[in-house]
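Asks: What follows is a single structure, and I will ask about it in a moment.
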C-alpha cells in the first residue's frame, strides 16, 4: 500500500534535528491505496504532478493524482516468475 499520513509507520518517527533547525515541516505519510503484493519503483512526474509506481507480482501500474486524491490502476499483463 502507498502511505500518505497518520499511518502506523509514523507513530515512532520524529523530525530530524536538522529539519527542525531549518524550520522545515516534517514529512507527512498517508495511505493512498489498498494492500499491494510489492509496491515499488515510485516515479514522480513533475510535469503532470502525479506519482507512478508498480506492483510487479500483481502486474499493475498505479498513478496517484494528489490534486484529486484519486488512484488509478491498470493491469499490464501477468507476472512471470524467474
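The values are calculated or read from the model by the stated rules, or taken from the named source; none is laboratory data. For clarity, every value in this text was computed on a predicted model and none was experimentally measured. Here the Cβ positions follow ideal geometry from the backbone for every residue, glycine too, while neighbour counts run over all protein chains shown.
Asks: Take the residues in segment 45-67 that are within 10 Å of the chain's Cα centre (by Cα) and more than 19 Å from residue 78 (Cβ to Cβ); name whichever of them is surrounded by the most Cβ atoms within 10 Å (Cβ to Cβ).
Replies: The extreme case among them is 64.
Asks: Continuing with the same structure: Exactly one condition in (1) at pLDDT 75 or above; (2) exposed (fewer than 11 other Cβ atoms within 10 Å of the Cβ); (3) assigned to a loop (DSSP other than H, G, I, E, B) is false for residue 74; which is it?
Replies: (3)
Asks: Okay, next question. Any residue at all in segment 16-33 that is under 11 Å from the mean Cα position of the chain (by Cα), loosely packed, with under 14 Cβ neighbours inside 10 Å and at pLDDT below 65?
Replies: no
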